[in-house]
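The structure under discussion appears below in the form of structure tokens.
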Amino acid sequence: MKDAFSTYHPLVNFIYFAVVILFSMFLMHPVFLCISFASAFLYSLRLNGKRALKFNLLFLVPFLLVMALLNPLFNHQGVTILFYASSGNPITLEAVLYGFAAALMFVSVICWFSCYNAVMTSDKFLYLFGRVIPALSLVFSMVLRFVPRFKAQICVITRAQACMGRDLHSGNLWQRMKNGVQILSIMVTWALEHSIETATSMKSRGYGLPGRTVFSIFYPEKRDRIFLLLFFALSVFILAGFACGIVFVRYYPALGFTGFAPVPVIFYIGYLALCLLPLIIDLVEEHQWKRFVSIT
Amino acid sequence: MQYDATVTNKKTRTVLTGLLFLLAVPILLAVGVFILHDRSYYLISLLLIICSMIPFVWLFERRKPQARELVVLATLIALAVAGRAAFFMLPQVKPVIAIVILAAVCLGAESGFLVGAMTGFVSNFFFGQGPWTPWQMFCFGLIGYLAGVLVQSGWLPAKKIPLCIFGGLATFLIYGGIMDPAAVLVAQGYLSWQTVLVAYGAGVWFNLIHAVSTVVFLFLFYGPLTQKLERVKNKYGLLDG
């Protein structure tokens with residue numbers, strides 16, 4: 001089933017991910033990092049299923065550990081000395097903790113990007129930037145079409161060449177390489193020739209003439225406005241918390257951050273809500289759908 | 001007329017780049033130091049990179065390029081993206097830089113930059129976007145732009161062997177030289193001499209493979225690709241300058 005947040009307006013999707021990724025990068029508070037990582041992890045599971053779980057466990061978790069252990073080897077700030085390395089440099093608790101926080105930040109950013117890749121498909125990106133940078137957006141959409149087309153064409157060329165005994169599997173290594181280059185050369189000629197044909201066709205259909213409109217299937221709805229409003233309110237709230245020093249974190253010289261007093265906890269909950277918004281939307285939608293199906 | 005357009009374009013670009021570097025860069029650095037307390041290196045470097053790419057994009061859009069130009073650029077970008085996909089299984093064996101350099105040599109510095117930056121951007125739609133995308137776009141674009149400028153100004157002869165040497169060096173020094181510290185910055189949030197040196201040490205073999213593969217691709221494709229591009233250029237009269 002398609003994720004409900006993906007059906008929102010592309011601008012909403014884009015703003016959401018841009019802000020959440022920036023927040024994950026710059027809010028180095030341990031609680032915020034954990035919230036961001038957990039939410040990104042859950043959302044990527046929801047979007048990509050088992051594939052995401054495999055990737056997260058096989059790649060991200062080992063990376064997290066390695067990065068966390070690397071930092072103290074290069075960074076000797078901090079007041080709590082754990083022990084001295086064989087080179088005589090102190091290994092500090094603060095450096096270990098900062099390394100862990102930085103690694104957690106990186107891993108959650110990667111996780112958010114995997115969600116971004118699933119939600120912000122190229123058509124949405126094209127829609128968003130088609131008005132700002134029309135020429136490059138057109139290039140972009142053409143490239144997306146050309147890549148699979150070239151792949152198909154290269155199969156055609158390879159088969160045709162194989163009929164003449166010039167395929168990649170006959171002859172010695174030199175011969176094979178020559179055949180390979182020959183196939184690519186034919187490919188490039190075809191591609192350039194084909195591109196001129198496309199351009200001529202575009203021109204004769206009126207590309208670049210004034211007064212042409214843009215087709216799009218995305219319209220802003222009421223739910224998009226509500227989402228944005230809620231999202232901006234939460235973002236401003238969290239930023240205000242950091243700006244006023246209600247929530248803070250400091251790694252060097254000694255670790256210090258706001259714990260679980262009632263006031264900071266409100267901000268943690270706010271951030272949790274912000275990070276979980278897409279997941280909540282999706283779950284609510286699914287619940288509504290199931291109820292609807294069971295009624296009818 | 002075409003000549004006039006390119007000359008004014010170059011002038012505008014110089015002015016615009018100058019303005020950006022004299023105004024935007026110091027402002028960004030000041031914001032980084034005074035407002036963000038010299039902590040958010042990633043954000044500041046990201047903004048600087050975006051600033052450096054704006055003049056190209058803006059000028060390209062402003063001169064309302066012809067359909068032919070767009071399609072030829074798209075074709076080259078698609079070839080580079082497909083090439084990157086074809087060698088996906090071999091780490092760091094990428095024909096992207098070779099194609100970018102040849103595009104710059106035949107079609108000029110601006111096209112070289114656009115082919116490079118767009119290849120970095122679009123290929124990540126196939127391989128996955130991440131915090132590294134802007135850096136890749138910048139590196140590919142910069143190499144393309146440099147190749148175009150050096151060839152146009154006569155510093156770099158547009159022949160096979162000099163281009164191979166340039167390609168190898170540019171891949172190793174510019175791409176590797178920027179991407180390795182960028183990886184550290186993305187993962188750690190700050191840079192220090194030790195971590196950068198470790199990143200270079202760990203990346204030296206990857207960069208070497210990348211550089212060698214670029215040289216090999218340039219050596220193989222220089223003849224066919226330039227010949228074909230020149231032919232299309234002459235036959236249809238496009239993208240001069």
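Details
- Assigned charges on the beta-carbon of Lys, Arg, Asp, Glu; segment A:52-185 dipole about Cα centre (debye): 840
- Pairs beyond 24 Å (Cα-Cα), from A:LYS2/A:LYS222; A:LYS178/B:LYS235; B:LYS94/B:LYS160; A:LYS151/B:LYS228: A:LYS178/B:LYS235
- Rg and Dmax, both from the Cα atoms of the protein assembly as shown and both in Å, are 25.5, 78.
- Of the complete DSSP H runs in chain A, those spanning 15 angstrom or more by Cα along the long axis with a mean Kyte-Doolittle score not below -1.0 are A:10-26, A:30-48, A:61-74, A:93-119, A:134-163, A:173-204, A:222-243, A:262-295.
- Distance between the modelled labels on A:ASN89 and A:LEU239, one decimal in nanometres: 3.7 nm (7 Å Cα→Cβ projection).
- In this calculation the C-beta distance from A:ILE133 to A:GLN182 is compared with R0 = 45 Å, giving a FRET efficiency of 0.75.
- Over chain B: helical MRE at 222 nm, DSSP H runs n ≥ 4 each giving -39500 (n - 2.57), nearest 500: -26000 deg cm²/dmol
- Spin-label pair B:SER153-B:PHE87: with each label point 7 Å from Cα along the Cα-Cβ axis, the two points sit 2.9 nm from one another.
- GNM top mover of A:ARG149, A:ARG205, A:ARG131 - chain A, alpha-carbon springs below 10 Å: A:ARG205
- Ranked A:CYS34, A:CYS275, A:CYS115, B:CYS164, criterion: other C-beta atoms within 10 Å, fewest first: A:CYS34, B:CYS164, A:CYS275, A:CYS115
- Rg and Dmax [Cα atoms of chain A; Å; Rg one decimal, Dmax integer]: 26.4, 78
- In this label model, A:ALA160 and A:GLU193 are separated by 0.7 nm, measuring between points 7 Å along each Cα→Cβ vector.
- Chain lengthening between A:ILE246 and A:LEU126 when straightened (0.36 nm per residue, less Cα-Cα): 39.2 nm
None of the figures in this text is laboratory data; all of them are computed from the coordinates on show. All values derive from a computational prediction rather than experimental measurement. FYI the Cβ positions are ideal-geometry reconstructions off the backbone, even for glycines, and counts take in every protein chain you see.
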